[in-house]
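This report concerns only the one structure given below.
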Amino acid sequence: MIAANKKDLPLKAVRGVAAITVLLWHSMLGFFPQWSGIFPDKWPLEAALKGQVWFGLIYGRAAVTLFFVLSGFVLTRRFLLTGDQQIILRGAIKRWPRLTGPVLATVLASWLLFKLGAYHFTEGGAATGSPWLSRFAYAFEVPFEPNFWDALSQGVFSTFFQGYSYYDNSLWTMRFEFIGSFIAFGLALLVALIPKGTKFLRLAMIVVVFLLCYCTSPVYASFPAGVALATFLPERRCKLPGWAVAGLILLAIYLFGFTGAKVGAFILAARIFGHQEVAAQILASILVIIAIELASDTFRQRLSGRICELIGKLSFPLYLIHVLVLCSLGCTILIWAGTWTTGPYPSVIAGVATVIGSVLAAIPLVFLNERWVALVNTAANWLLSPPVSQRVFELDDPGAPAEVLMPN
């Protein structure tokens, strides 16, 4: 049986791989925009990689959808296995502050980089021809004057409730993550009201919410998809053979690479999904989670090793910080390398420096994130703990603690 109280390290590793995918995607948009296929008015699509069958390995938008489906699954799985409503209540109380700590740190770091003049994205964009890079990863349309109190407000409030992300465009996902989390919490509570034996009614409830979310914004539909997995994935893991796991993952990689365009290897996907790339990405995310959760113990142990655990810990900090590194260190090295070499080499050097610098910059944010999460957990435990007057234990209860707290 899946332990309901243990973190799923293999899924955390998958989240880490998705964060690396976003890093690679943004490095391509900044330093090799001609390969992305996002700017057909500047470079021919024939030069792009978007038609390659493996494009899903570097397509950042698909990785973000995977983040959201994972959130819907992870946030509700324990509750749907145990029925303990405290899990949902605790998750709802912690969600905003849990996200705010590292987000605020990142926004303030970006404000400081602006004030120090460390960003060189305008020059970097001019060197590579990337409109995405020259406009600070599309964070804003026109230059703005960085302000500490504005950055503080954005890190604490406006990123989550208004969708502002002009200090770090990666934060556009935070509003979806925040609202989507509560969609997942609410749907899980509704599903739990329906007896487990009536699976059809549970499925109907999830489908209705999924369609409502998809009509509002396809991105929000990722969260009900995760709840659906949390509801119906077998509690006792029926181990899939290795070939089935590999097949599901390969199919998922293919679907992740679909951009809604009928091009290259994705002509078949376009016939099935039309222009609905998010639908294909949601299905791909479901396939990945099924493959990982139902894989053999040996396979899961390999995804629970130290390196995979480190990748999982880096996932959120790496996602938050990498655009800052790309637009500061990456662009600085791009410009410097352009003074002594030509061709693709400045972009290659800048890309490698961005990847290494992002990992190094994420490490202190990992420690901050872990300590912040511990603090938020402590605060949540204090808020949800019963008053001292209610902590009375029967002396003949074998599970009672050694020191019995009596009311004042």
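The values are calculated or read from the model by the stated rules, or taken from the named source; none is laboratory data. Since this is a predicted model, take the numbers as computed values, not measurements. Positions of Cβ are generated from backbone atoms using ideal geometry, with glycine treated the same way; all protein chains shown enter the neighbour counts. Calculation scope for accessible area: heavy atoms of the full protein, side chains included, ligands and nucleic acids excluded. Shrake-Rupley method; radii C 1.70, N 1.55, O 1.52, S 1.80 Å.
In the chain, once you exclude exposed GluC sites (Glu not before Pro) (DSSP loop, at most 14 other Cβ within 10 angstrom), what's the longest stretch remaining?
Values: sites that count: E141, E235, E394, E403.
So the longest stretch without any such site is 236-393.
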Could you give the distance between the Cα centres of segment 319-372 and segment 211-272, to the whole Å?
31 Å
FRET efficiency for R306 and T82, using Cβ-Cβ distance with R0 set to 25 Å, rounded to 0.05
0.30
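Report the extension gain between L360 and N147 in nm, rounded to one decimal, defined as 0.36 nm multiplied by the number of residues separating them, less their alpha carbon distance.
Values: separation 213, 0.36 × 213 = 76.68 nm, distance 2.66 nm.
Difference between extended and current length: 74.0 nm.
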The answer for trypsin sites (Lys or Arg not before Pro) in segment 170-226 that fall in a DSSP coil and have at most 11 neighbouring Cβ atoms within 10 Å is K196
Could you run the Karplus curve 6.51 cos²θ - 1.76 cosθ + 1.60 with θ = phi - 60° over segment 21-28 and give me ³J(HN,Hα) per residue in whole Hz, x for Gly and Pro?
4, 5, 4, 5, 4, 5, 5, 5
Sequence of H275, H26, H322 from largest to smallest accessible area, 1.4 Å probe
H275, H26, H322
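Counting only heavy atoms of protein chains, what accessible area per residue, in Å², does segment 37-155 have with a probe of 1.4 Å? Walk me through the numbers before you get to the answer.
Values: 5330 Å² over 119 residues.
Heavy-atom accessible area per residue stands at 45 Å².
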Just tell me which lysines come within less than 24 Å, Cα to Cα, of K313; anything on the same chain fewer than 8 places away is out.
K6, K7, K12, K94
Percent carbon-and-sulfur accessible area, the chain, ignoring ligands, DNA and RNA, probe 1.4 Å:
67 percent
Coarse-grained scattering of the chain at q = 0.08 Å⁻¹, given as base-10 log I(q)/I(0) from a Debye sum over alpha-carbon atoms:
-0.48
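Test of understanding: what is the full-extension gain from N377 to A265, defined as 0.36 nm times their sequence separation minus their Cα-Cα distance? Please list the in-between numbers first.
Working: separation 112, 0.36 × 112 = 40.32 nm, distance 4.63 nm.
Between N377 and A265, full extension yields 35.7 nm more.
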Excluding residues on the same chain fewer than 8 positions from K262, give the lysines whose Cα lies under 28 Å from its Cα.
K42, K50
Using a 1.4 angstrom probe with every protein chain in place, what is the largest-first accessible-area order of W372, W382, W336, W25?
W382, W336, W372, W25
Over segment 32-109, what relative contact order in percent results from Cα pairs under 8 Å that are six or more residues apart?
13 percent
From most to least accessible, 1.4 Å probe, no ligand or DNA/RNA atoms counted, L29, L329 line up as L329, L29
Stokes-Einstein diffusion coefficient of segment 77-139, Kirkwood radius over Cα pairs, 20 °C, 1.002 mPa s, in µm²/s
143 µm²/s
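Please find the FRET efficiency linking A47 to K196, where r is the Cβ-Cβ separation and R0 is fixed at 56 Å, and quote it to the nearest 0.05. Spell out each step's value before the answer.
Values: r = 53 Å, r/R0 = 0.95.
The pair A47/K196 has a calculated efficiency of 0.60.
Let's test the formula: R0 of 30 Å, r as the Cβ-Cβ distance of I335 and F157. What FRET efficiency results, to the nearest 0.05? Could you put the intermediate results ahead of the total?
On the way: r = 35 Å, r/R0 = 1.18.
Once rounded, the FRET efficiency stands at 0.25.
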